[in-house]
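Below is one structure, written out as structure tokens, with a few remarks after it.
Derivation of every value follows stated rules applied to the coordinates shown; laboratory data play no part. Only a predicted model underlies this, so the values are computations on that prediction, with no experimental measurement involved. Here the Cβ is made from the backbone with ideal geometry for all residues, glycine too, and neighbour counts use every protein chain on show.
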Amino acid sequence: MNREAGNRRTSEYRKKKSDKTPIPIEILYQDEVIFVVDKPPGMLVHPNQYDRKTPSLVNSLSGKMHAKVYPVHRLDKDTSGLILFSRDKAAAAKLGEQFSDSRVLKKYHAVVFGTLDTPAEVTAPIRQGGKGEKQPALSRIRFLAEAQIEGVQLSLVEIELETGRNHQARIHCEILGKPIVGDRQHGWKEPNAELARILNLPEWTPMFLRSMELGFDHPMDGRRMFFSEGYPGMWQALLEPLFREIQ
């Protein structure tokens, strides 16, 4: 890695992170019923019932559109990328059925610790919300690229979720022994702290998990719709020196 380039990029990241101006929310597609948003990292999807001042995607979009909006699914606070909303409650319910029936294409990219020699299918069941009986879960994980920085081995992987349990991608990567970089709950504390030191970041690396592809049937006319999105500036700034595949 070019340390000078890496330090320059991480300095740019810290500058962006410390900027307290509102994070812009990009709407990638919209029609009279649905819209697809590129969720920024660090933002809740639903409002925090105990702290209404905490920004959320629902409140921000409701204010922007001057109408009530309905998230069809959810992404964790620190996960970025594609998320589907509806302007109509009934349409949101129809779309939700597609997610429940595993008829939605959901692909993520993640940076994990370690290497992945062959594609993996992880089928470990997961408790929804950490409570009750464990539910079936299936994740397909395949290798995209690898890099090493000062002895820390990293891999860029694609994760296709057949089901949609809470923290599924994060838990299945942990079970596989390849925890996601920056995952505070299911990751490795010491390697994350060491990577933050190497990249000249304060305390902890951000979580590198991003919703990259989304495919579903439109709730009104049934046509199949596909969306894909590239890497955000955070990924570019921190990992471009490591992974040549990131453009």
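When peptides 210-223, 116-129 are ranked by their average number of other Cβ atoms within 10 Å per residue, the highest-first order is 210-223, 116-129. Quick one: of LYS53/LYS131; LYS39/LYS64; LYS107/LYS189, which pairs are farther than 23 Å apart, Cα to Cα? Too far apart for the 23 Å limit: LYS53/LYS131; LYS107/LYS189. Convex hull of alpha carbon positions in segment 3-239: directionally averaged projected area 13.5 nm².
Both the radius of gyration and Dmax for segment 88-180 are 15.1, 52 Å, in that order, over alpha-carbon atoms.
Along the charge dipole of segment 3-239, pointing to its positive end and built from +1/-1 on Cβ of Lys, Arg, Asp and Glu, which listed residue (MET225, GLY129, LEU61) has its Cα farthest out? Among MET225, GLY129, LEU61, the one farthest towards the positive end of the dipole of segment 3-239 is LEU61.
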